[in-house]
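Read-outs throughout are calculated quantities, based only on the coordinates presented, and are distinct from any laboratory measurement. Quantities reported herein were computed from a predicted structural model and do not represent experimental measurements. No Cβ is skipped: glycine too gets one built from the backbone with ideal geometry, and neighbour counts run over all protein chains shown.
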């Protein structure tokens, strides 16, 4: 196996890239408080993997969504486990996002030279919150429907641009 990896490294240089990515020194040394960003990345990867597995059995139509979720939950092999991991890791991701944002603000990591990193993180935070909102509706049950109604009404209460935000989130009137 080592010969194969040596051959692959000789042609691609993957070991150097791996060392650059994984062994970057942390200013001030590694600490537990620096784990939140990595935990967010792990949770995102978990969301992608479980989301792809759920996608294989989900039917994205208002008429068949509930039945497909029922199939996933009660008949698909490990479906309830996969759906549970997806659901709870999505909720956990929103909490991690808030904790990570607080740490960035407390540490002043939004200042130069990392301000672009901060603004990209804010854009990603909005995407995560938007996906959390839309994902809640996917089972097409009453809880998802009314939770989405409440969320879009809150958007509609925003001064000046509220109605436009609400229409954008709802996809129309």
* Nearest 0.05, what FRET efficiency do residue 7 and residue 45 give at R0 = 25 Å with Cβ-Cβ as r? -> 0.30
* Structure fact -> Listing 8, 92 by rising number of other beta-carbon atoms within 10 angstrom, fewest first, gives 8, 92
* Gain upon complete extension [residue 71, residue 106; 0.36 nm per residue less C-alpha separation] -> 8.1 nm
* Structure fact -> Length gained if residue 120 through residue 154 is fully extended, taking 0.36 nm per residue and subtracting the Cα-Cα distance, is 9.8 nm
* Efficiency of FRET from Cβ geometry, residue 38 and residue 17, R₀ 22 Å, rounded to 0.05 -> 0.75
* Zone of residue 169 (label point 7 Å along Cα→Cβ, backbone N under 16 Å): which residues in the stretch 130-151? -> 130-138, 144-151
* Asked: When the Cα centres of the stretch 77-148 and the stretch 4-54 are compared, how far apart do they sit, in Å?
  -> 20 Å
* **Relative contact order for the chain, counting Cα pairs under 8 Å that sit 6 or more residues apart, in percent** => 16 percent
* GNM on the chain, C-alpha springs below 10 Å: top fluctuator among 82, 160, 116? -> 160
* **Relative contact order (%) - the stretch 75-173, alpha-carbon pairs under 8 angstrom, separation at least six** => 14 percent
* Report Rg/Rh for the chain, rounded to two decimals, where Rg is the Cα radius of gyration and Rh the Kirkwood radius. => 1.07
* Cα pair distances in the stretch 122-173, grouped into 10 Å bins until the bin that holds the longest one, percent each -> 25, 53, 22, 1
* Gaussian network model of the chain, Cα springs within a sub-10 Å range: biggest mean-square fluctuation belongs to which of 146, 14, 136? -> 14
